[in-house]
Amino acid sequence: MIKVAVVGLGKMGISHLAMIRAHPAVSVVAVIDPAGYVLDVLGKYTGLATYKDLTRALEDVDIDAVIVATPTRLHASIVRQAIDRGIAVFCEKPLTLSAVESEELAAYALDRGAVTQVGYHNRFVGAFREVKRLLETGAIGRVTHYHAEAYGPVVLRSRGATWRSQRAEGGGSLYDYAAHPLDLLAWYAGPAESVGGTVLGRIFSESTEDEVYATIRYPAGVHAQLSVNWSDESFRKMTTRMTVTGTAGRIYADRQEIQVYRRETAPAVDGYDAGWTVRYTTELTEPVRFYLRGEEYSAQLDAFVARVHEGAIRGLNDFSSAAVTDRTLELLTRDAAGEKVEGTAVIAPRRRGLRRRK
């Protein structure tokens, strides 16, 4: 039985707590949050051991793994504390608000032999996993372009009510929303080589951006357009989309389905003839023991528990892969500020930064 503690009991923390408690190989031994009211309610109705900080919990309870769902700025100190104790870590995305810090944490975790994972749940969505498989088989020939999108109704008034709308706490729309399609791009295309034309635009927020637009370049001449807006109420909930264009076809995917168009010249792939093929997530997704918000959320925790049990240091969504996404996030931030980056280039530097729509 793997002994797990949950750190941070906001929306995602409570969701993770519900899902991990349903896992037959897990025993939740502590929940940690600074809010006394939340701890009082959980203590009363669940009987779980409650703590206001991780240090005290580590002194009192034997813990094998932690799930970290705090504001992003707190991730690094909590994660390092857990790794120092030989504890496996599942951390919500993004890993940190600094590419250097994320890379240092990834290297530190590898050096200490820690099992790590970051909560990029889209890699566990059936349609997005099928995109990865098809790209690896060359189903649409040589990939030339990606279009990565994310939209949703998160910030629709002038003052954001949560830490996610505060740049210093969660990083705004770029780090909280754009991180998801950027992570899929990293999975499909690898590390970005350069970025350009980054726009971080305000619509409602006073201290951070609500929309993100940029061009990203990858090896072998592959390029991508990023389009993100978390102030779009035409979407009922967050929607992430990926479009991939190749020399022999095109793939369109979101959480619901994958649509594949293949030319007559495309290489043979079982189940995909020339022309259009549509497959739905329901036929591409394995069932999970406990459904909450989507199969992918339970699936990622199941994968983490399996890796903890096996002691598998490298795996899907480990700290090293998350650090690749964090590096792209930082390149976009610096490009939007007009900075020139040595090494990994930022093209066409200029002075701009956050701007508000009229």
query: Taking every pair of alpha-carbon atoms in region 53-205, what share in percent sits in each 5 Å bin, from 0 to the bin with the longest distance?
result: 1, 8, 15, 17, 17, 16, 13, 8, 4, 1, 0, 0
- prompt: To the nearest Å, what is the center-to-center distance of region 6-47 and region 315-340, using C-alpha atoms only?
  reply: 30 Å
statement: Computed over the chain: longest principal axis from alpha-carbon atoms vs helix 75-84 long axis, angle to nearest 10 degrees, is 60 degrees
query: Hey, what angle do you get for helix 295-310 against the long axis of the chain, alpha-carbon based, 0 to 90 degrees rounded to 10?
result: 60 degrees
Trypsin sites (Lys or Arg not before Pro) restricted to DSSP loop in region 88-154 with at most 15 other C-beta within 10 Å: 142
- line: Among trypsin sites (Lys or Arg not before Pro) in region 7-75, those in a DSSP loop whose Cβ has at most 15 other Cβ atoms within 10 Å are 52
- line: Placing +1 on each Lys and Arg Cβ and -1 on each Asp and Glu Cβ in the chain, then taking the dipole about the Cα centre, the residue among 308, 72, 83 whose Cα reaches farthest towards the positive end is 72
message: Restricting to DSSP loop positions (anything but H, G, I, E, B) with no more than 16 other Cβ atoms inside 10 Å of their own Cβ, which GluC sites (Glu not before Pro) remain in region 180-234?
response: 206, 233
The chain - charge dipole about Cα centre, Lys and Arg +1 at Cβ, Asp and Glu -1, debye rounded to 20: 1040 debye
- request: Would you please calculate the Kirkwood hydrodynamic radius of the chain over all C-alpha pairs and express it in Å, rounded to one decimal?
  value: 21.2 Å
- prompt: Of all DSSP beta bridges located in the chain, what percent are antiparallel, nearest 5?
  reply: 55 percent
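The numbers here are math on the coordinates, done by the rules we state, and not lab data. The structure displayed is predicted, hence computed values, not measured ones. Note that each Cβ is placed from the backbone with ideal geometry, even for glycine, and that neighbours are counted across all protein chains shown.
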